[in-house]
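Input: a single structure, listed below in structure tokens.
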Amino acid sequence: MSVSTQIVQATAPHLLLVDDDVSLSRLIREYCETDGLDVTLAATGEEGIYLSQQKHFQLVVLDVMLPGINGFDVLKRIRQRSNMPVLMLTTRGATQDRIQGLQGGADDYLPKPFEPEELVARIHAILRRAYPTPTTAHFVVGDVTLDEKERSVQVGSAFPELTGAEFHLLRLLLENQGKPLTREELVPQVFGRDMGIFDRSIDNLVGNLRKKLGAYPSGSERIKGIRNVGYVYVTEKAGT
């Protein structure tokens, strides 16, 4: 594996918040602006889709329960055009919503109700992972090349499109190639939070990443699951 580092310029964070609760949206915007974040509000899924296509945002905060087009459909439309980070707001206890959001390409989720301070902390954590500064890395492991500056991944001659969470997970696995990483290690680094009871977010993310990377020509998986432990990225020779 080869690794090189170089300096990148930070990007001014501009957020799109899509939520039909106008009072909550305004409160969130106040907290975000206090922390130096610029926030544009959208009250419907249709408006959120339109704005996401017309302006450049660093992150989208997206409520699941929206009038008309729901949050999952908005996420699908966003993912057809962009890999910018998306944080889903779900109903507390709605496990299926969280799973569906992560499988659909969301980078993280936050159950309602929540404290605005927690949301702002999650936003900053996602932005740090999605737009790392001041250094970035260039990894080459076998036929996989990951470039943080360009936020690109090449597998052989293919260029799979990864979400922010998928990109960060792959970076961690490549950086620790051959070394097993536990779920308890991965969840805080990928999602910026502690692992919860029955938390399958990493398992869902690994499943998505495996599909996009594809298996080795021999049919063996690039990312091996270790029972009751976690995951490890292996080379083709080690994976056979």
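Candidates Leu162, Leu173: the one that is in a loop (DSSP other than H, G, I, E, B), closer than 27 Å to Ser82 by Cβ, in the same structural domain as Thr145 (by TED's automatic domain parsing) and within 17 Å of the chain's Cα centre (by Cα) is Leu162.
Every residue, every condition in (1) in the same structural domain as Leu209 (by TED's automatic domain parsing); (2) more than 14 Å from Leu110 (Cα to Cα); (3) of a type in the set (S, T, N, Q); (4) crowded, with 20+ Cβ neighbours inside 10 Å, yes or no:
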{"position": "Glu33", "(1), (2), (3), (4)": "no, yes, no, no"}
{"position": "Glu47", "(1), (2), (3), (4)": "no, yes, no, no"}
{"position": "Gln54", "(1), (2), (3), (4)": "no, yes, yes, no"}
{"position": "Ser82", "(1), (2), (3), (4)": "no, yes, yes, no"}
{"position": "Thr91", "(1), (2), (3), (4)": "no, no, yes, no"}
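Quick one: would you say Gly156 is at pLDDT 90 or above and in contact with a Gly (Cβ under 9 Å, 6 or more places away or on another chain)? Yes, satisfied.
Residues checked against (1) under 12 Å from the mean Cα position of the chain (by Cα); (2) farther than 19 Å from Val206 by Cα; (3) at pLDDT below 90:
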| site | (1), (2), (3) |
| --- | --- |
| Ile78 | no, yes, no |
| Arg92 | no, yes, yes |
| Thr95 | no, no, yes |
| Leu102 | yes, no, yes |
| Gly105 | yes, no, yes |
| Leu119 | no, yes, no |
| Arg128 | yes, yes, yes |
| Pro132 | no, yes, yes |
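From the list Gly196, Gly225, Gly178, which one is in a loop (DSSP other than H, G, I, E, B), without any contact (Cβ under 8 Å) to a residue 24 or more places away in the chain, out of contact with any Gly (no Cβ under 9 Å at 6 or more places or on another chain) and small (Gly, Ala, Ser)? Going through Gly196, Gly225, Gly178 in turn, just one is in a loop (DSSP other than H, G, I, E, B), without any contact (Cβ under 8 Å) to a residue 24 or more places away in the chain, out of contact with any Gly (no Cβ under 9 Å at 6 or more places or on another chain) and small (Gly, Ala, Ser): Gly196. When each of Ser82, Ser52 is tested for being within 30 Å of Ser152 (Cβ to Cβ) and in contact with a helix residue (DSSP H, G or I) (Cβ under 6 Å, 6 or more places away or on another chain), the lone residue that passes is Ser52.
Which one of Tyr216, Tyr231 is among the aromatic types (Phe, Trp, Tyr), assigned to a loop (DSSP other than H, G, I, E, B), free of Cβ contacts under 8 Å to residues at least 60 places away in the same chain and not assigned by TED's automatic domain parsing to the domain that holds Asn83?
On inspection, the qualifying residue turns out to be Tyr216.
Tell me whether region 59-66 contains one or more residues that are among the acidic types (Asp, Glu), assigned to a helix (DSSP H, G or I) and either free of Cβ contacts under 8 Å to residues at least 12 places away in the same chain or within 27 Å of Leu169 (Cα to Cα) (or both). No: region 59-66 contains no residue that is among the acidic types (Asp, Glu), assigned to a helix (DSSP H, G or I) and either free of Cβ contacts under 8 Å to residues at least 12 places away in the same chain or within 27 Å of Leu169 (Cα to Cα) (or both).
The values are calculated or read from the model by the stated rules, or taken from the named source; none is laboratory data. Computed from a predicted model, the values in this text were never measured in an experiment. Cβ coordinates were reconstructed from backbone atoms using ideal geometry, including for glycine residues, and neighbour counts include every protein chain displayed.
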